[in-house]
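Here is the structure we will look at.
The values are calculated or read from the model by the stated rules, or taken from the named source; none is laboratory data. What you are looking at is a predicted structure, and each value in this text was computed from that prediction instead of being measured. Cβ placement follows ideal geometry from the backbone for every residue including glycine, while neighbour counts extend to all protein chains displayed.
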Amino acid sequence: MRNIKELLKNYNNNIIYLKQLNDDCQKSENYRNLCINNFSYMGNKQLSRYLDELKNEIEFVDEMLQSLNPPMRNVLYFKYVKNHSYQDISLKMNYSIARIYQLHKEAIIILEENYKEK
């Protein structure tokens with residue numbers, strides 16, 4: 001079974017990493033050479049496979065979030081994608097902190113049940 005919370009925590013880091021890598025590699029020839037040098041130990045096929053795995057994980061998390069009802073999806077989005085605190089989320093959504101914790105817990109349970117086989 002996949003660890004849903006770990007996937008969610010890694011989601012934002014994976015997106016930031018891929019965007020930064022893409023930006024760096026497109027800025028100039030020097031950056032392109034830097035990117036090639038940084039990943040030369042992997043080889044093109046291994047690097048491609050690694051980036052595909054990151055992309056697949058991001059798409060998987062997107063799919064999971066889209067399967068939830070809007071309040072649950074928003075709590076997880078604000079918590080794991082935007083890195084907001086529960087306090088900030090409660091203010092943003094106009095729910096009590098207790099309700100935010102409840103929505104978070106329910107969403108994780110639903111995702112664990114729905115995606116335990118994937």
Exactly one of (1) farther than 23 Å from ALA107 by Cα; (2) modelled with pLDDT under 75 is unmet by ASP52. Its number? (2)
Residue under question is TYR31, and the condition is that it be of a type in the set (Ser, Thr, Tyr), modelled with pLDDT of 60 or more and part of a helix (DSSP H, G or I); does it hold? no
When you go through (1) more than 17 Å from LEU18 (Cβ to Cβ); (2) within 14 Å of the chain's Cα centre (by Cα) one by one for VAL61, which number turns out not to apply? (1)
Near pairs, Cβ below 6 angstrom, 6+ apart or cross-chain, from the stretch 96-118 (within 16 Å of PRO70 (Cβ to Cβ)) to any residue that is outside any loop (DSSP other than H, G, I, E, B) and of a type in the set (Val, Ile, Thr): ILE100/VAL75; ILE100/ILE89; LEU103/VAL75; HIS104/VAL75; LEU111/ILE4
Which condition breaks for VAL75 when tested against (1) more than 15 Å from the chain's Cα centre (by Cα); (2) in contact (Cβ under 8 Å) with a residue 24 or more places away in the chain? (1)
Just a yes or no: is a residue in the stretch 93-103 under 14 Å from LYS5 (Cβ atoms), buried (at least 16 other Cβ atoms within 10 Å of the Cβ) and not β-branched (Val, Ile, Thr)? no
Subset of the stretch 70-103 [at pLDDT 95 or above and aromatic (Phe, Trp, Tyr)]: TYR86, TYR95, TYR101
Among residues of the stretch 64-109, those that are part of a helix (DSSP H, G or I), more than 22 Å from ILE16 (Cβ to Cβ) and hydrophobic (A, V, I, L, M, F, W, C), counted: 10
Any chance SER67 is modelled with pLDDT under 90 and hydroxyl-bearing (Ser, Thr, Tyr): no
